[in-house]
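Worksheet: one structure, shown below.
The values are calculated or read from the model by the stated rules, or taken from the named source; none is laboratory data. Bear in mind the structure is a predicted one, so any value in this text is a computation, not a measurement. Positions of Cβ are backbone-derived with ideal geometry, glycine not excepted, and every protein chain shown enters the neighbour counts.
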Amino acid sequence: MVNTGFPKFGMTQAGAFVATLKKYYLPDFILALVAKECKSPLNERGRINDKLQSMNDTALELLHAVFVDCAVDSSGKYNQYRFFAYISSMYHKCEVAINDSIPGASGKNHKFHVAIKNNGMYVAVAFSKFTGNPVNKKDLVKFYEMVDDVKKGEHGTMLLDGIYGSSVGFRGDGLVELENLSKSRNTDPENILNFKTANFENNIYSVTN
């Protein structure tokens, strides 16, 4: 499929974008999300090079801004795309669900930015703060309670990881509280649940605990 947007800024720049982007980890679901946002065609089969070349200029520009330039937008959408890709990179060959709602033992549905499934079972859930003030104690306690409720429900039997990401940093008291809550859990193998926090800093996500 020919990139219908090439005439806009020419083959040279589009080709340079493709050559750069193909070196990055760009899972299929990210390409599909960007293609939908930019009303771009997308060849869903073949090598990453072929997929990128099938996309229009707007989509290539957005991908370059998000993953190469690590640009920041006011809505936090760019950070969101980076977080989705980061979580996906931790769980290869698993199904990635975006903005998924999962019922907990309480009967309440909990919405996570990313949920990871392996053979149809949830193995990880993740949430992130993309804009505003640093993640505080209240935010992390609420996240802990959400993940714990899912773990106790019928959909959480294989759940192992709860990851809270942030593009705006974490308050120290919140990190301490999450660690204390995690340590207080029952050590029974069936109840094991790992809580992690990941901070986006210097253009990369890194686990803070």
Taking A35 as the residue in question, decide whether it is in contact with a Leu (Cβ under 7 Å, 6 or more places away or on another chain), outside any loop (DSSP other than H, G, I, E, B), surrounded by 15 or more Cβ atoms within 10 Å (Cβ to Cβ) and not assigned by TED's automatic domain parsing to the domain that holds A115.
-> yes
Of the residues V176, V114, V141, V150, which single one is closer than 22 Å to S88 by Cα, aliphatic (A, V, I, L, M) and outside any strand (DSSP E or B)?
-> V150
Any idea which of A85, A105, A124, A115 is touching a Lys or Arg at 6+ places or on another chain (Cβ under 7 Å), aliphatic (A, V, I, L, M) and in the same structural domain as L193 (by TED's automatic domain parsing)?
-> A105
Subset of region 126-150 [surrounded by fewer than 14 Cβ atoms within 10 Å (Cβ to Cβ) and aliphatic (A, V, I, L, M)] = none
Tally of residues being assigned to a helix (DSSP H, G or I), within 19 Å of G169 (Cβ to Cβ) and not charged (D, E, K, R) across region 61-83 | 4
Check S166, S184, S128, S88 and return the single one that is among the hydroxyl-bearing types (S, T, Y) and more than 26 Å from A71 (Cβ to Cβ).
-> S184
If the Cβ limit is 9 Å and pairs must be 6+ apart or interchain, which residue in region 139-158 that is over 14 Å from K117 (Cα atoms) and in the same structural domain as T197 (by TED's automatic domain parsing) pairs with which residue that is among the acidic types (D, E) and outside any loop (DSSP other than H, G, I, E, B)?
-> L140/E177; V141/E177; Y144/E177; V147/D161
Selected residue (criterion: farthest from I87 (Cα to Cα)) from residues of region 38-60 that are acidic (D, E) and assigned to a helix (DSSP H, G or I) | D57
